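Engineer: Below are the structure tokens for one structure; questions will follow.
The values are calculated or read from the model by the stated rules, or taken from the named source; none is laboratory data. Just so it is clear, the model here is predicted, and its values are computed rather than measured. All Cβ positions, glycine included, derive from the backbone under ideal geometry; neighbour counts span all protein chains shown. The area values use the complete protein model at the heavy-atom level, side chains included, leaving out ligands, DNA and RNA. Shrake-Rupley method; radii C 1.70, N 1.55, O 1.52, S 1.80 Å.
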Amino acid sequence: MKRRASDARLLIAASFLQLLTAVALRTVPLPVLRRKTARLRHITHIFLHGTDERVIWAIEAVGRRLAGVSTCFVRAIVAELALASPERPLRLSIGVRRAPYGELRAHAWVADADRILVGGSGAEGFVPLVAWDSIF
């Protein structure tokens with residue numbers, strides 16, 4: 001029972017953070033959003049805490065169910081906010097690639113050194129355009 005309660009808590013926190021982030025991305029310039037989220041990192045760690053695997057699972061599970069609202073960029077921002085620390089800075093990257101019919105596709109992911117934590121399943125073939133290290 002304890003496992004299920006902790007999973008529910010993670011899913012609720014991940015849902016709230018992804019919805020809040022999606023709204024913020026539409027209303028606040030990205031540099032301002034990144035500075036403000038850095039100040040809220042401690043609060044995020046209180047609500048969305050657990051092992052990396054469980055936090056990532058919650059972010060990805062909620063992201064699949066909030067399709068259209070939770071983009072790869074939203075999930076990457078939430079993952080960076082929840083998992084980064086001064087001892088372990090993460091890197092949020094955005095990359096692009098050409099799709100089969102020539103359109104340009106973009107994707108975001110979060111990495112810890114060379115290990116992609118969130119967004120890894122879709123990051124193959126994307127050329128990084130921009131990368132941000134965690135702000136503290």
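Engineer: Collect the residues in region 1-28 that are among the hydroxyl-bearing types (Ser, Thr, Tyr) and either closer than 21 Å to SER93 by Cβ or open to solvent by less than 90 Å² (accessible area, probe 1.4 Å) (or both), keeping them in residue-number order. Steps first, answer last, please.
Structural biologist: First, the residues of region 1-28 that are among the hydroxyl-bearing types (Ser, Thr, Tyr): 6, 15, 21, 27.
Of everything in region 1-28, those that are among the hydroxyl-bearing types (Ser, Thr, Tyr) and either closer than 21 Å to SER93 by Cβ or open to solvent by less than 90 Å² (accessible area, probe 1.4 Å) (or both) turn out to be SER6, SER15, THR21.
Engineer: Which condition number does GLY68 fail, the rest of (1) farther than 22 Å from VAL130 by Cα; (2) touching a residue at least 12 places away in the same chain (Cβ under 8 Å); (3) not polar (S, T, N, Q) being met?
Structural biologist: With respect to (1) farther than 22 Å from VAL130 by Cα; (2) touching a residue at least 12 places away in the same chain (Cβ under 8 Å); (3) not polar (S, T, N, Q), GLY68 is out only on (2).
Residues checked against (1) over 24 Å from ARG4 (Cα atoms); (2) basic (Lys, Arg); (3) surrounded by 14 or more Cβ atoms within 10 Å (Cβ to Cβ):
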{"residue": "THR44", "(1), (2), (3)": "no, no, yes"}
{"residue": "GLU53", "(1), (2), (3)": "no, no, no"}
{"residue": "ALA61", "(1), (2), (3)": "no, no, yes"}
{"residue": "ARG91", "(1), (2), (3)": "yes, yes, yes"}
{"residue": "ALA106", "(1), (2), (3)": "yes, no, no"}
{"residue": "ASP112", "(1), (2), (3)": "yes, no, yes"}
{"residue": "LEU117", "(1), (2), (3)": "no, no, yes"}
{"residue": "GLU124", "(1), (2), (3)": "yes, no, no"}
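Engineer: From the list PRO31, PRO100, which one is more than 15 Å from the chain's Cα centre (by Cα) and either surrounded by 12 or more Cβ atoms within 10 Å (Cβ to Cβ) or assigned to a helix (DSSP H, G or I) (or both)?
Structural biologist: Sole residue among the options that is more than 15 Å from the chain's Cα centre (by Cα) and either surrounded by 12 or more Cβ atoms within 10 Å (Cβ to Cβ) or assigned to a helix (DSSP H, G or I) (or both): PRO31.
Engineer: Another one. Within region 29-67, can you find the residues that are basic (Lys, Arg) and under 21 Å from ILE116 (Cβ atoms)?
Structural biologist: ARG34, ARG41, ARG54, ARG64
Engineer: Determine if region 42-65 includes at least one residue that is assigned to a helix (DSSP H, G or I), modelled with pLDDT under 95 and under 15 Å from ASP133 (Cβ atoms).
Structural biologist: Within region 42-65 (the criterion being assigned to a helix (DSSP H, G or I), modelled with pLDDT under 95 and under 15 Å from ASP133 (Cβ atoms)), the answer is no, since none of the residues qualifies.
Engineer: Can you work out which of the residues in region 126-136 that are of a type outside the set (Val, Ile, Thr) and open to solvent by 80 Å² or more (accessible area, probe 1.4 Å) is nearest to the chain's Cα centre (by Cα)?
Structural biologist: Result: ASP133.
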